[in-house]
Structure formats: C-alpha cells, structure tokens
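Step one of this worksheet: look at the structure below.
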Amino acid sequence: MKPYRAPSWLPGGQAQTLWPLLIKPRPLKLRRERWETPDGDFIDVDHLDGPADSPLLVLFHGLEGSARSHYAISTAHACKAAGWRLALPHFRGCSGELNCRPRAYHSGDAEEIDWILRRLHAANGGRKLHAAGVSLGGNALLKWAGERGSAASELVTGVAAFCPPLDLAACGHHLANGFNRIYTRHFLTTLKAISASRLQQFPGLFDETLMRRAINLYEFDDAVTAPIHGFAGADDYWRRASAKPWLKSIAVPALTVNPKNDPFLPSRHLPTAADVSPFVRLEQPESGGHVGFVTGSFPGNLDWLPQRLLHFFLFETS
C-alpha cells in the first residue's frame, strides 16, 4: 500500500484527529458475548461473524473507546467486505456497564491482552489470529508481544498498532498543554464519572478528593489508575506500562503506524530502527493526526486504516 498522506483540504494534526468523529460510518449490527474473567469480573466482546474458516481479526480499542469508535466501525465494514470475522473486546467498564471488580484497565495491561487472546485462540479452533490495537490498545498489545517474545507466535500471526502512545510520560505531559487540553478534558469527563461510580462500589479504593481535583492525566493516573493497578504513582505507571522499551523484544511480524503530527505524542519521542527488533516495521507518515487517516475528496472517508490492517496481515506476516 502507498504510505498515508492526508488530503490537502484537511491540514494539521488537530483537524485530522477530530474530523473522523464527524464522518464515522453507520455501525454494523454485531453479536455481543459476555465473558467471565478469571477474577470474577466480566468483559463484553462484540463479534462480526462469518464462516468458521475465515480469517479472524482482533481489534483492541483506545482509552475510553469501544466497538462504536470510528476506527472500530470502519474496520468492521472492511472486514465484512473482505469476508473476515472480527472480534472487538471491550476493556473493563468500556461496554456501557460498570465492571464488578476494583481493577479497570490501563495502557500496559498485557495480562488482560494475553487472557483475551488465549480465549479467542481456543474458540478459533487453535488457529492463529490477527491482532491489532489502536492508541492505548495498541500500546498494550505491543507490550504484550514484547513480553512474550517468540511465544507470541503461538497465538497470533502478527500484531499491528496505530498511534500507540509508546512513551506514556511524553504523551501524558504533552496532552496537558495548549490545545491538547481539549482531549484531556474529554477523557477526564468520562474517567471521573466512572471512577466516582466505582467508589460507590468500593469505598476508600482511592482518594476521591485527589481524583476530583485532577486537571490532567498525570494527576488522574497518580490518584486513581496507579493505586488501583498496583503502581507506586503516575511516574511508575507511565514508565512500566510504556511499550517503547519492549519493541526490541518483539519476535512476530509487527507494524506500528505513528504519524509525526499526532497531537498525543511528539515526533521526537518516536522510535527509530535502533529501538526495535528486525520484526518491527515502523511507519511514521508526516500526517494523519491521532487515529485520523482521512482520505479522499471532501468530506472524506475512513478506509485507510482498515485497508492497511488487512494488507499487513494478508501480505506482510508470512
């Protein structure tokens, strides 16, 4: 496929990030399945069904995303057209219903990724599947692949990540400044609402005052994400959950697509060939925004990301 290039009528990383929200396709009807987790909680997995012997793509969503995120909807349409099956797992609390246990999800949740992939692999008759992730989901997936090394090939043909925040500290601090604060406010609105509900379930789980005072992701992660998931604080969480240090350990075909104008992660923090294993293909187009990838004449379409996914798994993982 040709490298991504934004249309001339949609300049700038901010516009390329926000425009897809206005043109996302109509969702397909998916089949929802509820799984009980090993610790007595649940997740919901939405399925696009098809012939049992057709390829299966697993797509992990981003922060506060879901099967109704624009990239998930466009990928579902592409999979249906190609005759592929699609599984869209929701991280805990992201499917519209509060989860049952104190833990939620986080950017480095490789254990949850592993459990989901193993269950899908078993349900797929032991056949390998294709695994992809967007933003937070992409970071968690790459970290999983790095931690598992060559053992990842037992479950997947390869992994693909679009706009993963590979350096969480660089990403978190960047989102606290300038226009980027609009994204932070958006995330905090839903994160605080869910966290307040979780406190009603589990009083004393974290400091409510600090949670409500948080004005950026660092303060929220320091008050909520870190203590819930066993990190010493935001600095410890961001360091240990970042996928960038694990890219050298990946031993399955891997694709990472990080536009240089992504408002979430400054280009100076992107990995170079020296930072990754020979299995990792780095694509760093000049444009694209954060999971934007709009193409075509006005008002544009969102087919580039899913077509890049299909092409990678069809032709670049053998």
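The numbers here are math on the coordinates, done by the rules we state, and not lab data. Everything numeric in this text was worked out from a predicted model, so none of it was measured. Note that each Cβ is placed from the backbone with ideal geometry, even for glycine, and that neighbours are counted across all protein chains shown.
Numerical summary
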read-out	value
Amide N proximity, the stretch 1-44 versus residue 179 label position 7 Å along Cα-to-Cβ, cut-off under 13 Å	10-19
Long-range HN-HN contacts of residue 290 with modeled amide H, under 5 Å	17
Net dipole in debye of the chain [+1 Lys, Arg Cβ; -1 Asp, Glu Cβ; about Cα centre; nearest 20]	680
Selected from 137, 290, 271, residue furthest toward positive end of dipole (the chain; charges at beta carbon)	290
Prolate/oblate/rounded call for the chain, Cα gyration tensor, a/c under 1.5 rounded	rounded
DSSP-loop GluC sites (Glu not before Pro) across the stretch 85-140, with at most 12 other Cβ within 10 angstrom	97
Sparsely packed GluC sites (Glu not before Pro) within the stretch 222-318, loop by DSSP, other Cβ within 10 Å at most 16	286, 316
The stretch 45-56 - phi-based ³J(HN,Hα) in whole Hz, Karplus 6.51/-1.76/1.60, Gly and Pro as x	10, 9, 10, 9, 7, x, x, 4, 8, 7, x, 10
Within straight-line cross-link reach of residue 248, aspartates and glutamates at Cα separation under 18 Å, skipping those fewer than 8 residues along the same chain	147, 167, 275, 283
Length-normalised contact order of the chain in % [C-alpha pairs under 8 Å, at least 6 apart]	23
Computed lengthening from residue 202 to residue 42, 0.36 nm per intervening residue step minus Cα-Cα distance	55.9 nm
Choice from 304, 19, 238 showing the highest fluctuation, given a GNM over the chain with Cα pairs closer than 10 Å	19
Contour minus Cα-Cα distance for residue 119 and residue 98 (0.36 nm per residue)	5.4 nm
Spacing of the two label points (7 Å from each Cα toward its C-beta) at residue 274 and residue 314, in nm	3.8
Cα Rg, Dmax, the stretch 42-189, angstrom units	15.5, 49
Rounded if a/c under 1.5, otherwise prolate or oblate - the stretch 73-160, Cα gyration tensor axes	oblate
